[in-house]
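Structure first, commentary second.
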Amino acid sequence: MKRKISVLLSLLFLFILFWAQWNWKHLSSFPSIISSFYSKEYCSCYFVMQLSEEQCHDFARQWVPISEFKLDKENTSVTVKGLGRTNTAKYLSKEYGCTLVTE
Amino acid sequence: MKRSLIFLLLLTFLQCSKDLSPFGGEPEVTTLTPRLKPEWPNPNWKVVPPESVGVSTNKLKLAEEYAFTRTGDETDRKGRRTDALVILRNGKLIYEKYARNFSEEKVHLTWSVSKSILQTMYGIAVKAGLVKLDDPGYYHYEPLSRDEAHKKITIRHLLNMSSGLAAEEGYESGPLKSSVIAMLYTRGRKDMGAFCAGLPLRAEPGTQVYYSSCDTNILSAILKKVYGVEEYDKLPFEKIFKPLGITNVTFERDGSGTYIGSSYLYMTAKDLAKIGYLYLNDGIWNGERLLPEGWVQFTRTPAPGYISTPYSEDLAEDNYTAHWYANTGVPERGIHEPWPDAPKDTFAGLGHWGQMLYVIPSLDLIIVRFGDDREKAFIKNDFLKLVKESVIR
């Protein structure tokens, strides 16, 4: 009986381990979504669609608030911090618009 | 034994009931009748009063009211939020209006309407003989050769959203496991094609329709290999936009310089109407054939994989063809027309948050609507009904 329980527990542990590993790639990249989405969509809204700063904040905002925001008009870039991660999107040209540039 | 038999019979009966269709028969895709005197916008659309092309201004007002009346709280981004509406009949502009700081010069994000223009790029590549619809993707794009299952994915499968790749297209609904969000913003953003080609398969290629931005970005990556980087960089600008007289346009790329064909093409409403007009004219522009013969027919035919796609209620919302949508329904699967009050030959490019390009050959109409709807408040069928009713019969 004891042996059966320990086998079951080991299997359960293995299952949890597998589950955690499988979801880890989702979980680990998740926090970056907020700042990358905000910076990319704001960059395109402001530099490509040429809407106002206020309208672009409204366009890019999500349910999770951001903690830092920097619109660099000179370098045509937008840097955003959210959930502890920072991301920058840069406007390249009229043809190619904005792209996320941080690693 | 008796019980097993009853169970088996019940199971068979349930399976049958899934396939019973109230419509019956194959989807009807009529051929486009050639337009005798197409009016080409060189360089701009000719503007005429609606009545001169058989459209009632008063009735068109109802469509305008529907599109431009805010129905929800603006600060909370609720309700119908139209940014632009452009309508053409017989190749002439009969209606144009903008809101929320947009204007005729400003480009608008088209989201997934981009997919339909990526499909135009394929039409051009097929016409040039550079790719064939039934080429396995790996012939041109190495990441698809990772195993025998992935090697079966053809360009046709990808255009029909039937690659079988296990993508998750959830946006706001399930951000954690959404492969489209991971592709655009996190793990896939440096090389979206490679990220997508690395997904496992959930079904035999060609057998199940699953709308996926991944399929489009693999197609985009394939084109880069087919043309080579230098030519690919200029491809949409030289081969589509220039011939159509479109100069105010932005097409964003991923970290590896691949066009994000799934999502990030920006155009003005009147320029997007030109894409619709190219398809309305069976791929001919200004008398010259840009898309191969039969391409628009392919564009208007529901994806064959629908026949074996497991039935679900959601299927009725989709009539996906080859990177466009059709109003044919798929009777074999009990899928009715998505816009029953619009003409059955209507086909469309559609995008997130309310981007729409409608082509209605039987009424010779093109409609472009841009918006920023964060909830499903803009009912396409209701709007199309109003536009249809504005045509004087």
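The values are calculated or read from the model by the stated rules, or taken from the named source; none is laboratory data. Note that the structure is predicted; figures quoted are calculated from it, not measured. Using ideal geometry, Cβ is built from the backbone for each residue, glycine included, and neighbour counts are taken over all protein chains shown. Please note that ligands, DNA and RNA were not included when accessible areas were found on the heavy atoms of the full protein model with its side chains. Shrake-Rupley method; radii C 1.70, N 1.55, O 1.52, S 1.80 Å.
Here is how the numbers come out for the structure above:
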read-out: Value of [θ]222 nm, deg cm²/dmol, for the protein assembly as shown, DSSP H segments ≥ 4, -39500 (n - 2.57) each, nearest 500; value: -10000 deg cm²/dmol
read-out: Between segment B:293-337 and segment B:74-89, the alpha-carbon center distance in angstrom; value: 27
read-out: Surrounding net charge for B:HIS140, when Lys and Arg each add one and Asp and Glu each subtract one, Cβ distance under 11 Å; value: +1
read-out: Loss of accessible area when B meets A, both sides summed, Å² nearest 100, probe 1.4 Å; value: 3100
read-out: B:ALA166 versus B:ARG187: modelled label distance in nm, points set 7 Å from Cα along the beta carbon direction; value: 1.1
read-out: Inter-label distance, nm, simple model (7 Å from Cα along the C-beta direction), B:SER312/B:LEU62; value: 3.6
read-out: Net charge, A:SER77 excluded, C-beta distance under 13 Å - Lys, Arg +1, Asp, Glu -1; value: +2
read-out: For segment B:53-390, the Rg and Dmax computed from alpha carbons only, in angstrom; value: 19.1, 60
read-out: For segment A:62-103 and segment B:121-136, distance of Cα centres in Å; value: 36
read-out: Accessible-area composition of segment B:120-262, carbon plus sulfur, in percent [1.4 Å probe]; value: 50
read-out: Carbon plus sulfur fraction of accessible area for segment A:31-101, probe 1.4 Å, in percent; value: 52
read-out: Highest to lowest packing among B:285-292, B:316-323, scored as the average C-beta count within 10 Å; value: B:316-323, B:285-292
read-out: Summed residue charge, Cβ within 10 Å of A:SER39's Cβ, Lys/Arg positive, Asp/Glu negative; value: +3
read-out: List B:GLU64, A:GLU68, B:GLU389, ordered by accessible area with a 1.4 Å probe, largest first; value: A:GLU68, B:GLU389, B:GLU64
read-out: Net length gained if the chain between B:ASP147 and B:GLU104 were fully extended (0.36 nm per residue, minus Cα distance); value: 10.6 nm
read-out: Heavy atoms of B:PHE241: accessible area, 1.4 Å probe, square angstrom to 10; value: 0
read-out: Rounded to whole Å, sorted largest first: equivalent-ellipsoid semi-axes of the protein assembly as shown, Cα gyration tensor; value: 36, 30, 24
read-out: GNM flexibility winner over chain B from B:VAL209, B:VAL48, B:VAL113 (Cα, springs under 10 Å); value: B:VAL48
read-out: List of segment B:245-278 residues, accessible area with partners at least 30 Å² below that of the chain alone (1.4 Å probe); value: B:THR250, B:GLU252, B:ARG253, B:TYR266
read-out: Accessible solvent surface per residue of segment B:53-390, calculated while the other protein chains remain in place, 1.4 angstrom probe, Å²; value: 33
read-out: For B:GLU104, solvent-accessible area (1.4 Å; no DNA, RNA or ligand), Å²; value: 80
read-out: Shape of segment B:105-240, Cα gyration tensor, a/c cut at 1.5; value: oblate
read-out: For A:GLY97, distant residues with modelled amide H under 5 Å away; value: A:LEU92, B:PHE251
read-out: Mean Kyte hydropathy of 0.0 or more with a Cα span along the axis of at least 20 Å, helices from DSSP in chain B; value: B:2-19, B:113-127, B:213-227
read-out: Heavy-atom surface of segment A:31-101, accessible at 1.4 Å and reported per residue (Å²); value: 45
read-out: Cα-Cα over 32 Å, subset of B:LYS151/B:LYS274; B:LYS115/B:LYS151; B:LYS177/B:LYS388; A:LYS40/B:LYS132; A:LYS40/B:LYS127; B:LYS37/B:LYS224; value: B:LYS151/B:LYS274; B:LYS177/B:LYS388; A:LYS40/B:LYS132; A:LYS40/B:LYS127; B:LYS37/B:LYS224
read-out: Drop in accessible area of at least 40 Å² in the complex versus isolated chain, residues of segment A:32-80, 1.4 Å probe; value: A:ILE33, A:PHE37, A:LYS40, A:GLU41, A:VAL48, A:MET49, A:LEU51, A:GLN55, A:ASP58, A:PHE59, A:ARG61
read-out: With DNA, RNA and ligands ignored, accessible area of A:PHE15 (1.4 Å probe; Å², nearest 10); value: 130
read-out: Solvent-accessible area lost in complex, 50 Å² minimum, residues of segment B:98-113 relative to chain alone, 1.4 Å; value: B:LYS106
